[in-house]
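Quick note: the coordinates plus some simple rules give every number you see, no bench work behind them. Note that the structure is a prediction, hence the values are computed from the model and not measured. Backbone-built Cβ (ideal geometry, glycine too); neighbour counts: all protein chains shown.
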Amino acid sequence: MKSFFTLFGAVALLLTPAAANAEMYGETHSKDDTHTSAQVGQAAPDFEATTIAGEPFKLSDHKGGIVVLEWTNHECPYVIKHYDTGNMQGAQKTAMEKGVKWVSIVSSAPGKQGHVDNAKAAEIVEEQNAHITAKIIDESGEIGHLYGAKTTPHMYVIDAEGTLAYAGAIDDNSSPRHDTVEGATNYVLAAIDDLTAGQAVQVASSAPYGCSVKY
């Protein structure tokens, strides 16, 4: 009995409020998660969808410029971290000032956490003051599975030739704490800088972290 309570106490210490919150939302944080359906160095899978504004979107139509795909879920603590601090919006603005197209994708299924309709998604974009080219509701999960998106956020950078140049986390600090955005290396912006400088992306993949995509 004593050993049971000793083990229980150790587990309780590990589950800090932040960790417990992340666990509740289905945190995914595994080094094995970098292997996805879409492969870095290969052609990014093409897809067609309708944006929340009712406009058609085809990825291959944007060949010739850099495109960022951002998987998101407005109820996920990790997404909240990056939007509440303005970190995601800052990255979006910096990227778009360089001519990058930024596409935000919601793959939460109906009835699952983070699922929204077009009207609600538009409200969230406005509330967050997001700087994006388009937002897509992927409630069937087809696009998410095509890319192997596992977390929110999960980021992909596609170069001007249509090749997947980066896939993984937004940065190198996987804590859900808001203060950890300071000093973190933003892999997405680093990839964009490398591509615009005509160089190979130095960090082409990383382990994604965040809440599991609610397919």
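Hey, rough spin-label estimate for Glu97 and Ser60, points 7 angstrom out along Cα→Cβ, what's it come to in nanometres?
Simple spin-label model gives 3.5 nm for this pair.
Excluding Thr180 itself, calculate the net charge of residues whose Cβ lies under 12 Å from the Cβ of Thr180, where each Lys or Arg counts +1 and each Asp or Glu counts -1. Display every interim value, and only then the final one.
Details: positive: Lys81, Arg177; negative: Asp171, Asp172, Asp179, Glu182.
Summing Lys and Arg as +1 and Asp and Glu as -1 gives -2.
From the cross-link list Lys58/Lys120; Lys98/Lys214; Lys63/Lys112, which pairs have alpha carbons spaced over 25 Å apart?
Lys98/Lys214; Lys63/Lys112
Per residue and in Å³, how big is the convex hull formed by the alpha-carbon atoms of segment 52-147?
98
With label points built 7 Å along Cα→Cβ from the Cα atoms of Gln42 and Ala197, find their separation and express it in nm.
2.9
Can you tally the net charge around Gly141? Count Lys and Arg as +1, Asp and Glu as -1, for every other residue whose Cβ sits under 11 Å from the Cβ of Gly141.
-1
So for segment 28-212, considering every pair of alpha-carbon atoms, how many percent are separated by more than 22 Å?
Cα-Cα pairs of segment 28-212 separated by over 22 Å account for 39 percent.
Please list 109-117, 128-136, 152-160 highest first by mean number of surrounding beta-carbon atoms within 10 Å per residue.
Ranked by mean Cβ neighbours within 10 Å, highest first: 152-160, 128-136, 109-117.
Quick one: Debye curve from the alpha-carbon atoms of segment 159-215 only, equal weights, vacuum; give me log10 I(q)/I(0) at q = 0.15, 0.16, 0.27 Å⁻¹ to two decimals.
-0.50, -0.56, -1.08
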